[in-house]
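What follows draws every value from the coordinates through simple rules; no lab data is involved. It should be emphasised that the depicted structure is a prediction, and the values quoted were computed from it without experimental measurement. Here the Cβ is made from the backbone with ideal geometry for all residues, glycine too, and neighbour counts use every protein chain on show.
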Amino acid sequence: MRYFVKVGADTVELEVERGANSGYQVRGRDGQVVSASLIAQSDASHTLLIDGQVLEVQASEGQVMLAQERFSARAESERDRAAARPAASDARGSTRILAPMPGRIVHVSCQVGDAVSKGASLVVIEAMKMQNELCAKADQVVRAVCVVSGETVDRGAVLLEFE
């Protein structure tokens, strides 16, 4: 899974995959791979083994303490980042609903011409055996339904359009 980690003013993109022995393989944008595993954790700190080096990280709200130095830090997954990204919009709300992740369309609960209310369920998409309900952000009229139940879509695919 892809993560975006912001430490101070710098953002690093990391690809994290489960590795051997409950560890992880972490690949940076430069292609370099490091092994990481959690040795111990408590409410206030995590002890990590990263490429053979023991590292104590003390995390608190939005901050990480590393080797007695404090950094502001934030991590978000690619899925969280996509869900938070604003869609094209006008004064009434979003003009489109985009797939926040790759997945399979489980259910479409609207048709072209339907007037939908803010908060109404529109599409259910399944990814990694989890179903995610996508709802209307405003009172709108459906202009186009671009998917059908059972269809597989990529992240960012247009699912619905509104007038």
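Brief remarks follow.
- Positive-end residue, the chain charge dipole about Cα centroid, Cβ charges, pick of Val54, Val116, Ala99: Val116
- When you restrict to C-alpha pairs under 8 Å that are six or more residues apart and normalise by the size of the range 86-162, the relative contact order lands at 39 percent.
- Read-out Cα extents along the principal axes in Å, derived from the coordinates shown; its label in (i) 54, 48, 29; (ii) 48, 33, 27; (iii) 60, 33, 31: (iii)
- Take every Cα pair under 8 Å whose residues are at least 6 apart in sequence, average their separation, divide by the length of the chain, and the relative contact order is 16 percent.
- For the range 86-162, size of Cβ-based charge dipole, Lys and Arg +1, Asp and Glu -1, in debye: 120 debye
- Computed over the range 2-79: relative contact order in percent, which uses C-alpha pairs under 8 Å that are six or more apart: 25 percent
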